[in-house]
Number of protein chains: 2
Amino acid sequence: MTQATELADTRNICPAESLIEAFERLGAHRCLDRETEVYGQDGLADMFYRVLRGVVRTSRLTLDGRRQVGAFYYPGDLVGLETGPRHRFAAEALTECELQAVRRTALRAYAGEAAVDRAILHATAREMERLQEHVVLLGRRNARERVASFLLALAQRAPSGHVDMPMGRQDMADYLGLTIETVSRMLTQLQGDAIVEFPSTRRFQVRKWNALEAMAA
Amino acid sequence: MTQATELADTRNICPAESLIEAFERLGAHRCLDRETEVYGQDGLADMFYRVLRGVVRTSRLTLDGRRQVGAFYYPGDLVGLETGPRHRFAAEALTECELQAVRRTALRAYAGEAAVDRAILHATAREMERLQEHVVLLGRRNARERVASFLLALAQRAPSGHVDMPMGRQDMADYLGLTIETVSRMLTQLQGDAIVEFPSTRRFQVRKWNALEAMAA
DNA sequence: CGGTTAATTGAACGCATTCAACACGAGTGG
DNA sequence: CCACTCGTGTTGAATGCGTTCAATTAACCG
């Protein structure tokens with residue numbers, strides 16, 4: 001019984017072999033424009049999605065109009081694991097997107113059922129870890145630390161010099177439980193401390209990795 | 001294909017039939033005193049636990065000493081689903097506890113593997129929903145609303161007049177991402193508005209359900 | 001180039017925290 | 001039965017971090 005990747009993997013929710021295979025065979029291909037809906041809040045959760053290209057954002061709108069962003073999903077990530085009968089968060093294409101969509105029942109019926117179930121369980125576990133980190137972030141870290149964590153996570157995903165940020169400040173703010181102004185202030189502050197550098201608003205580079213990691217703690 | 005309970009169930013993570021059966025057969029019985037550890041932070045996650053009696057609390061301690069409480073688990077709830085190879089949160093007995101512990105591999109090897117896997121997946125989904133609610137709570141609700149939500153959740157679990165709170169103010173604060181003083185203030189405030197009533201510090205009764213629900217939103 | 005949206009900056013406010021003092025309750029021993 | 005203590009919870013006053021409101025600047029696109 002091989003234990004698969006025990007390594008600390010900083011990327012998001014990447015499925016195991018068997019799941020990828022199932023997606024390739026059963027997956028319906030979908031292309032989405034910017035800011036279009038993958039599934040709606042309170043929508044029936046009967047599909048899994050795999051991101052092939054672009055970035056997907058999950059978000060939840062409260063009755064009085066406040067918004068909480070749940071996560072950002074990149075190519076290779078699985079979306080829609082936040083299961084139960086209905087979605088608590090909506091999913092939208094942040095950028096132009098290409099997805100594979102698979103009906104859950106179809107995935108279950110797929111040959112090698114146990115392996116697929118286990119793979120989903122594994123991916124779900126990863127998703128839960130991410131959620132737990134998010135809880136700690138929102139519950140016990142200040143604005144500076146939240147923004148630093150966010151930048152670090154982005155930078156770790158693309159360790160090649162410059163990092164592109166597909167999301168705007170409002171999305172960052174709603175993910176981090178802050179306002180757009182506070183996010184902006186923290187960014188300028190981090191840049192002032194020469195920890196990161198922004199050649200443009202949607203692109204940055206880490207200057208002091210250890211300082212950033214220390215803040216993200 | 002019966003869909004099991006589609007009803008809005010306000011309780012925590014209750015396992016399906018097959019899982020309960022598996023726990024009954026394979027589960028090692030454990031009794032724990034107050035404030036003893038079920039498993040430690042960063043401990044190997046190779047067990048599932050089912051609460052039979054008492055309340056279990058999960059919590060995470062950051063390097064600089066800040067604490068975030070993840071959840072409180074009541075009899076019938078499953079603990080240790082927050083999987084991945086290692087636990088991100090520790091689990092401790094909040095009160096004197098009685099648990100069933102099952103090795104994950106043993107559970108997998110149990111006859112009717114697929115059913116058990118699916119049951120775990122279902123329980124995990126419930127846990128994820130709870131986490132998502134927690135994220136919204138911490139990210140987008142103020143102190144009053146957080147405390148109100150917490151009381152409401154407790155009250156819904158025991159709809160019989162008086163509600164017992166096994167956790168202290170510090171635990172509440174660390175769960176809600178607040179300080180102990182703020183929690184205390186909000187409680188007196190809610191009592192001042194005659195929404196809840198505290199005959200003693202660890203026991204309360206809801207007076208205005210709709211008002212409480214409106215705040216918890 | 002204007003027109004529009006997104007992002008930054010500034011100043012004042014307010015909510016939650018911090019620090020400190022006090023109250024309450026349970027357990028112990030005189 | 002009261003005095004004492006220790007842990008827990010409440011209350012008060014002052015501070016500060018993040019928000020709010022408003023104005024300015026930068027980026028994007030015709």
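Where a number appears in this text, it was derived from the coordinates with a stated rule and is not lab data. Just so we're clear, the structure is a prediction, and the values are computed from it rather than from any experiment. A quick note on method: Cβ atoms are made from the backbone with ideal geometry, for glycine too, and the neighbour counts reach across all protein chains shown.
The ranking of B:VAL116, A:VAL163 by Cβ neighbour count inside 10 Å, starting from the fewest, reads A:VAL163, B:VAL116. Ordering A:ASP64, A:ASP193, B:ASP33 from the fewest to the most neighbouring beta carbons within 10 Å gives A:ASP64, B:ASP33, A:ASP193.
At 25 °C and 0.890 mPa s, grab the translational diffusion coefficient of region A:171-217 from Stokes-Einstein with a Kirkwood Rh over Cα pairs, rounded to a whole number in µm² per second. Reported coefficient: 219 µm²/s. Only Lys, Arg, Asp and Glu carry charge here, each on its Cβ (+1 for the first two, -1 for the last two); on that basis chain A has a dipole of about 380 debye about its Cα centre.
Comparing A:PRO166, A:PRO75, A:PRO199 in a Gaussian network model of chain A (Cα springs below 10 Å), the most mobile by mean-square fluctuation is A:PRO199.
Taking 7 Å steps out from each Cα toward its Cβ at B:ARG108 and A:SER200 produces label points 4.6 nm apart. Computed on chain A, with alpha-carbon pairs under 8 angstrom and 6+ residues apart, the relative contact order is 22 percent. Choose one answer from B:GLN68, B:GLN100, B:GLN132: the residue with the largest mean-square fluctuation in a GNM of chain B with alpha-carbon springs under 10 Å. Answer for the Gaussian network model of chain B: B:GLN132.
Ranking B:LEU32, A:GLN100, B:ALA114 by how far each Cα lies toward the positive end of the dipole of the protein assembly as shown (charges on Cβ) leaves B:LEU32 at the top.
What's the local net charge at A:ASP46, with K and R +1, D and E -1, over the other residues with C-beta under 9 Å away? That works out to +2. The protein assembly as shown gives an Rg/Rh value of 0.96, both radii derived from C-alpha positions and Rh following Kirkwood. Quote the Stokes-Einstein diffusion coefficient, in whole µm² s⁻¹, for region B:3-127, based on the Kirkwood radius over alpha carbon pairs, a temperature of 4 °C and a viscosity of 1.567 mPa s. Roughly 88 µm²/s, to the nearest whole number.
Entry note, the protein assembly as shown: the mean residue ellipticity at 222 nm calculated from DSSP H runs of n ≥ 4, each adding -39500 (n - 2.57), is -12500 deg cm²/dmol after division by the residues and rounding to the nearest 500. Among A:THR58, B:THR188, B:THR179, the order by Cβ neighbours within 10 angstrom, fewest to most, reads B:THR188, B:THR179, A:THR58. Along the Cα-to-C-beta direction of A:GLU17, a point sits 7 Å from the Cα; which residues of region A:97-126 have their amide N less than 18 Å from that point? From region A:97-126, the list is A:111-123. Put a plus charge on the Cβ of each Lys and Arg, a minus charge on the Cβ of each Asp and Glu, and nothing anywhere else: the dipole of region A:3-127 about its Cα centre is then about 220 debye. For region B:3-127, averaging the sequence separation of C-alpha pairs within contact (under 8 Å, six or more residues apart) and dividing by the residue count gives a relative contact order of 38 percent. Three semi-axes describe the equivalent ellipsoid of region B:123-179; taken as square roots of 5 times the Cα gyration tensor eigenvalues and ordered largest first, they are 18, 16, 11 Å.
The ellipsoid that matches the Cα gyration tensor of chain B has semi-axes, each √(5λ) in whole angstrom, of 31, 20, 16, with the longest given first. With a simple spin-label model that places each label point 7 Å from the Cα along the Cα-to-Cβ direction, the separation between A:ASP33 and A:GLN189 comes to 3.9 nm. In this structure, the amide hydrogen of A:TYR39, modeled 1.01 Å from its nitrogen in the peptide plane, lies closer than 5 angstrom to those of A:ALA91, counting only residues at least 5 positions away or on a different chain. About its Cα centre, the dipole of the protein assembly as shown is roughly 740 debye, where the only charges are +1 on Lys and Arg Cβ and -1 on Asp and Glu Cβ. Each part gets one Cα centre, and for region A:143-173 versus region B:47-72 those centres are 29 Å apart. Identify which of A:ALA45, A:ALA155, A:ALA106 has the largest mean-square fluctuation in a Gaussian network model of chain A, with springs joining Cα atoms closer than 10 Å. Evaluated over chain A, the most mobile residue of the options is A:ALA106.
Once the other residues with Cβ under 15 Å from the Cβ of A:ARG169 are scored (Lys, Arg +1; Asp, Glu -1), what is the net sum? Taking every Cβ under 15 Å from that of A:ARG169, the sum is +2. When Lys and Arg each count +1 and Asp and Glu each count -1, what net charge do the other residues less than 9 Å away from B:LEU137, Cβ to Cβ, add up to? Taking every Cβ under 9 Å from that of B:LEU137, the sum is +1. Rg ratio for region B:91-217: its Cα radius of gyration over 2.2 N^0.38 Å, N being its residue count, equals 1.29.
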